Amino acid sequence: MPVHVVTDSTCDLSPELVAQHGITVVPLTVSFGDEAFLDGVDITADEFYRKLASFSGLPKTSQPSVERFRQVYESFGPDAGIVSIHISARLSGTLNSATIAREQLHGEGRIELVDSRSVSLGLGAVVLEAARVAQQGGTLKEVAEAARRTLERVQVIAMVDTLEYLRRGGRIGRARSLLGSLLSIKPILHVEDGEVAPFERVRTRNRAIERLIQIAAESNVRRAFVGSGGNREDAEALLERLRPVLPDAELLLGQVGPVVGVHAGPNVLGIAFERRE
């Protein structure tokens, strides 16, 4: 019996990749005041960043309900194998909703839950590898193991214009130590042990981009996603600069979606890369 791969919308994989690899995406919710939107269903990334630019407050995000996960799991039938891979449990309660749904369905043994310990296209890289193994006929155990092996080799590193969105959204983690830095400093952040942490501080945006390229060049990259928040031209330019640096790597262009964008803010630019084994 085929194994189904489920994730959540913070994976930020394109609709094309999701469809191509048969991935089921459970959306989180983004709310602008009284207006609530299902991430990737009711609102696209481009629409989100346009709306964010004119919104005076900070949008809110919420995890999928237990019932939504139950409906998804039940849709595959009572005997289906499912590997459900999600945003770091330190950043969201999404995995907890999935866990409760599995318990309610008595799904232990056929529903494998994986904490990616990552977010955005770092989660996407884990999900994509699991989905490829599933498409090749992998068993439940093989697909879950592929996800867990991959997450150990994935790194997310990004530059943000400001830490204010992370601070206000309560997801700043260890990057709190950078608050109060000079305005001229551009923070480079990464995801470490499932939470946002400081990586480096550089003086300019151009220098930050140079460091992203340098870090990728030194990392024995197998596959890399370049992701941006409302600044696609910057992402395309960074991807082109990575091609000669990573000639043997698979390079993919992504976009930081609404839920992650609430916390990262506009103009985030980063790389999620998977190292070779």
- Task: Could you check how many percent of all C-alpha pairs in segment 8-72 are farther apart than 12 Å?
- Result: 71 percent
- Message: For a protection proxy built on the mean count of beta-carbon atoms within 10 angstrom, sort 261-268, 93-100, 62-69, 134-141 highest first, please.
- Response: 261-268, 93-100, 62-69, 134-141
- Query: Where does segment 206-251 land on Rg/Rh, using Cα atoms and the Kirkwood Rh?
  - Reply: 0.94
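Hey, any idea what Rg/Rh is for segment 1-116, computing Rh the Kirkwood way over Cα pairs? Spell out each step's value before the answer.
On the way: Rg = 15.0 Å, Rh = 15.0 Å.
Computed over Cα atoms, the ratio is 1.00.
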- Message: Just to verify a number: FRET efficiency for Glu142 and Ser56, C-beta to C-beta distance, R0 = 45 Å, to 0.05?
- Response: 0.35
- Query: Say a paramagnetic label sat at a point 7 Å from the Cα of Asn206, along Cα to Cβ; which residues of segment 231-248 have their backbone N under 19 Å from it?
  - Reply: 233-242
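Note the full-extension length gain between Glu277 and Leu38 as 0.36 nm times their separation in residues minus their Cα-Cα distance, in nm to one decimal.
On the way: separation 239, 0.36 × 239 = 86.04 nm, distance 3.61 nm.
82.4 nm is the gain from fully extending Glu277 to Leu38.
For the chain, what is the calculated [θ] at 222 nm in deg cm²/dmol (nearest 500), taking -39500 (n - 2.57) for each run of four or more DSSP H residues and dividing by its residue count? The partial results should precede the final answer.
Numbers: 10 runs with 101 residues, N = 277.
Helix-only estimate at 222 nm: -10500 deg cm²/dmol.
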- Can you list the residues of segment 202-218 with backbone N under 13 Å from a point 7 Å past the Cα of Ala237, pointing along Cα to Cβ? 205-210
- Query: Between Asp193 and Arg90, what is the spin-label point distance in nm, taking each point 7 Å from the Cα along the Cα→C-beta axis?
  - Reply: 0.6 nm
- Message: Looking at the calculated P(r) for segment 230-277, what percent of the C-alpha pair distances fall above 15 Å?
- Response: 49 percent
- Cα-based reach from Lys141 at 16 Å (exclusive), listing aspartates and glutamates while leaving out same-chain residues under 8 positions away: Asp79, Glu108, Glu112, Asp115, Glu129
- Task: Check the straight Cα-Cα distances from Lys51 and name the lysines below 18 Å, setting aside those fewer than 8 residues away within the same chain.
- Result: Lys60
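Given contacts defined as C-alpha pairs under 8 Å and at least six residues apart, what's the relative contact order of the chain, whole-number percent? Mind dumping the intermediate values first?
Working: 582 pairs, mean separation 62.0, N = 277.
Relative contact order of the chain: 22 percent.
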- Task: For the chain, compute Rh as the Kirkwood radius over C-alpha pairs and then the Stokes-Einstein diffusion coefficient at 37 °C and 0.692 mPa s; write the answer in µm²/s, rounded to an integer.
- Result: 175 µm²/s
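Quick one: pull the percent of accessible area on the chain belonging to carbon and sulfur, 1.4 Å probe, ligands and nucleic acids left out. Walk me through the numbers before you get to the answer.
Working: 5750 of 12260 Å².
Using a 1.4 Å probe with all protein chains present, the chain comes out at 47 percent carbon and sulfur.
Going by average Cβ neighbours within 10 Å, how do the peptides 7-13, 230-236 rank, with the highest at the top?
Going from most to least packed, we get 7-13, 230-236.
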- Task: Treating the angle as unsigned and between 0 and 90°, give the value, to the nearest 10°, between the Cα long axis of helix 140-151 and the longest Cα principal axis of the chain.
- Result: 10 degrees
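The values are calculated or read from the model by the stated rules, or taken from the named source; none is laboratory data. Fair warning: this is a prediction, and the values are worked out from it, not measured in the lab. Note: ideal-geometry Cβ built from the backbone for every residue, glycine included; neighbour counts use all protein chains shown. When the accessible area is computed, the model is the full protein with side chains, heavy atoms only, and any ligands, DNA or RNA have been set aside. Shrake-Rupley method; radii C 1.70, N 1.55, O 1.52, S 1.80 Å.
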